[in-house]
Amino acid sequence: MLSVSKLKELCQERKISIEHLAGQLVRPGFDKKAAVSAVKNWQRGLFKPIPRKEDIRRLAAALSAEVNDLADWRSSYRYAPISARKAKLVTQLIVGRGVQDAMDTLKFTRKRAASMVDKILRSAVADADEQQADVDNLYVSQACVDDAGVRIGTKRWIAKDRGKAYPIRQKACHIHITVTQA
């Protein structure tokens, strides 16, 4: 996936305008006006339209950089069976660390969410390795946990005083991890 911060940094460093980048992206069905709009959106962090691999390759060529210099790799676990509050404790431990250091930290963390986060991190690293990134220079740039609401199939009741029934709500969350090449 295209890294917004790296795209902005390379554009400012090399002093390349949006119009020049958009000129490199023009293809059938994607004219200059649409390309300018797409590059502006990508620099703002809006991925509409979603950048294709071909678009990232053309941007890298226009910026005279490698494709991996513009990319970051994301992986997520949707509807993880744990509350967001508990998972966030574990994800805060690994943000900003190198991948190997983060894996070692997760290995010795005594929390239930640690194994889930470790699987997501390994998936993101495998995706980066698949695209010929230097795995030794990867670091965890972002780790985000979003609430996913009540888990399906866990709506139960517990008996309380005077004939009342209180719901038992077991929460779920979405865990997203992004690794970037240093």
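None of the figures in this text is laboratory data; all of them are computed from the coordinates on show. As the structure is a prediction and not an experimental result, all values here were calculated from the model. For neighbour counting, all protein chains shown are included, and Cβ atoms are generated from backbone atoms with ideal geometry for every residue, glycine included.
For residue 107 and residue 147, the difference between the fully extended length at 0.36 nm per residue and the C-alpha to C-alpha distance is 12.0 nm. For the chain, the longest principal axis of the C-alpha atoms and the axis of helix 113-130 are separated by about 20°. Among 90, 117, 150, the largest mean-square fluctuation in a Gaussian network model of the chain, built with springs joining Cα atoms closer than 10 Å, belongs to 150. Label-to-label distance, residue 40 versus residue 130, with points set 7 angstrom from Cα along the beta-carbon direction: 3.4 nm. When the charge dipole of the chain is built from unit charges on Cβ atoms (+1 for Lys and Arg, -1 for Asp and Glu) and taken about the Cα centre, the candidate among 181, 77, 149 whose Cα reaches farthest toward its positive end is 149. Starting from the Cα gyration tensor of region 4-69, take the square roots of the eigenvalues, sort them a ≥ b ≥ c, and report rounded, prolate or oblate (rounded when a/c is under 1.5, otherwise prolate if a/b is larger than b/c, else oblate). Judged from the Cα gyration tensor, region 4-69 comes out rounded (a/c under 1.5).
Each Lys and Arg adds +1 at its Cβ and each Asp and Glu adds -1 at its Cβ; summed about the Cα centre, the chain shows a dipole of about 1480 debye.
Between the C-alpha center of region 1-54 and that of region 151-181 there is a gap of 41 Å. Taking Cβ atoms as reference points and 12 Å as the exclusive limit, the residues near residue 112 contribute a net charge of +2, counting Lys and Arg as +1 and Asp and Glu as -1. Considering only 82, 94, 168, the Gaussian network model of the chain with Cα springs below 10 Å gives its largest mean-square fluctuation to 168.
Per residue of the chain, the DSSP helices (runs of n ≥ 4 H) give a summed -39500 (n - 2.57) that works out to -13500 deg cm²/dmol at 222 nm.
Pick out, in residue order, every one of the GluC sites (Glu not before Pro) in region 10-71 that is DSSP loop and has at most 14 other C-beta atoms within 10 Å; say none if there are none.
The qualifying sites are 66.
Between residue 182 and residue 54, take the C-beta separation as r, use R0 = 22 Å, and let me know the FRET efficiency to the nearest 0.05.
0.30
Extension gain for the segment residue 89 to residue 154, taken as residue separation times 0.36 nm less the Cα-Cα distance, is 21.1 nm to one decimal. The dipole here belongs to region 73-181: it is taken about the Cα centre, uses +1 on the Cβ of Lys and Arg and -1 on the Cβ of Asp and Glu, and is about 1280 debye.
Computed from Cα atoms, the angle from the helix 53-62 axis to the main principal axis of the chain rounds to 50 degrees. Let me check I've understood the local charge: for residue 75, count other residues with C-beta under 14 angstrom from its C-beta, Lys and Arg +1, Asp and Glu -1. What total comes out? Summing Lys and Arg as +1 and Asp and Glu as -1 gives -1.
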